[in-house]
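Engineer: Below: one structure in structure tokens.
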Amino acid sequence: MPEVDNMYRSGVDGNVDTRQYEALFNNAAIGIVLANQAGEIIHLNRFAEMQFGYKRDELAGRLFDLLIPQKCHDGHEGYWEHFYNYPPTRAGDKIRVLYASRKDGSEFPADLSLSHCGLEGRPFVAAFIVDNTARNKDELLSLSRKEQLDRAAAELRQWELEFEKKVHDRTIMLQEALLALGKSWEELNITYKKEKELGLLKSTFVSMASHEFRTPLTTILSSISLIQRYATPGELPNQGRHIEKIRNAVKYLGCIMEDFLSLSKLEEGRVELHMESLSRKKLFSDVDDLLQELGQSNPKDQKIELSCAIDGDLVVMDRKILRNILMNLVSNAIKYSPEKSVIAVHCYFEPEELQISVSDQGIGISEEDQKHLFERFFRANNVTGIQGTGLGLHIVARYLDLLGGRITLKSRTNEGTIFVIYIPQPGRCNALESFSG
């Protein structure tokens, strides 16, 4: 481009080596194109060559509009001449150009900034081109994350409505349970001993319910408040952590309410047996499904092992009650055992009874606490820092009473615990046929 080369040779400042300007121009990390009043390109730097795929000689004398797609010309018609003849008072002026056009016909999103410059007393216009491809990708990613956040917020709002309904329904159940307890209190008021027992039961129930509900509800409220602070796309990990806290708190509230509901039904005699005959293989499948379910939601990375002989005679069982019993026993083993420990479940089939053991490597139970372990609301002295209602093992014992079964345990502090449940089975074929009918 002789016109510019001559100007550089003649010098911009007598005290500065013009090679410094040329080095600065060619090594700039931005596309720079020089044009005259007619919008004809007279020079461009190496970065602009890389951006557009042209060599300098290919663009010499060509109109700058060649670098802008035809679809963008209408919005900038006459702008170049106006900018040249009427320079802005402030330094630099930006035109928002949606796209720039390469030699191969491809386009890329770009910003174009124009600035006046003078060489040898002759005015020129310098165009600075910024490729916005990366920024546009970031904007699309930010938009996608915002949409995900909006969906999560909508799901959270829906979950809040559902949770409020569940709390309302369970509150009614609890009120009904309290009303039933109140009626029982009046009936048991015949003797001082019964009156005292029922009074203690009611006091313990209200105290425990108040304490156990307060902690997860506080977690939910604080997590929702914190989620609102993390509204930017970069804070999604923080949002996820608090949403997980909410899920865990709600899951725990659900467990508490299920315990209350189960206890209420047992106290009122509303639990009915639904015995059925099933194969050992089916029993093994039911137990395995339950353990898989508990394992998937286990944050401690514990290993749950199951062994069971699947060949042999049929088993007579209420599958729902057996599930509730094992749910309580295995959940306790998970709760009170360390990370990466082993929890073993074994099934034994005797001619007249089914035996299932659940053993763990957890904190164990002292001999003194074992005497009261199956009482309502009782919690061992070494579990005060772990959430719980003290109802699980009491409910297990009540369910086994319905099945005519029993439960035993062996445990030592800090050495683990083994629970074994015994469920009687009717005499072989005749009894099984009567249940299967």
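Engineer: Give the number of residues within region 331-363 that are over 17 Å from Q302 (Cα atoms) and of a type in the set (D, E, K, R).
Structural biologist: So the answer is 3.
Engineer: A follow-up question, please. Name the single residue, out of those in region 288-318 being among the charged types (D, E, K, R) and in a loop (DSSP other than H, G, I, E, B), that is surrounded by the most Cβ atoms within 10 Å (Cβ to Cβ).
Structural biologist: Here the answer is D318.
Engineer: Being assigned to a loop (DSSP other than H, G, I, E, B), surrounded by fewer than 14 Cβ atoms within 10 Å (Cβ to Cβ) and among the small types (G, A, S) is the filter here; which residues of region 14-52 pass it?
Structural biologist: Answer for region 14-52, where residues must be assigned to a loop (DSSP other than H, G, I, E, B), surrounded by fewer than 14 Cβ atoms within 10 Å (Cβ to Cβ) and among the small types (G, A, S): G14, A29, A38.
Engineer: With the condition being assigned by TED's automatic domain parsing to the domain that holds K303, hydroxyl-bearing (S, T, Y) and exposed (fewer than 14 other Cβ atoms within 10 Å of the Cβ), I'd like the strands (runs of 3 or more DSSP E) fully within region 320-437 carrying at least 1 qualifying residues.
Structural biologist: In region 320-437, the matching strands (runs of 3 or more DSSP E) lie at 406-412.
Engineer: Within region 53-67, track down each residue that is closer than 18 Å to G105 by Cα, assigned to a loop (DSSP other than H, G, I, E, B) and touching a residue at least 24 places away in the same chain (Cβ under 8 Å).
Structural biologist: Passing the criteria: G53, Y54.
Engineer: Just to be sure, is V383 in contact (Cβ under 8 Å) with a residue 40 or more places away in the chain and in contact with a Leu (Cβ under 8 Å, 6 or more places away or on another chain)?
Structural biologist: No, not satisfied.
Engineer: Anything in region 345-370 that is among the hydroxyl-bearing types (S, T, Y) and either touching a Pro at 6+ places or on another chain (Cβ under 8 Å) or without any contact (Cβ under 8 Å) to a residue 40 or more places away in the chain (or both)? List them, or say none.
Structural biologist: First, the residues of region 345-370 that are among the hydroxyl-bearing types (S, T, Y): 348, 357, 359, 366.
Correct list: Y348 only.
The values are calculated or read from the model by the stated rules, or taken from the named source; none is laboratory data. Source: prediction; values computed, not measured. All Cβ positions, glycine included, derive from the backbone under ideal geometry; neighbour counts span all protein chains shown.
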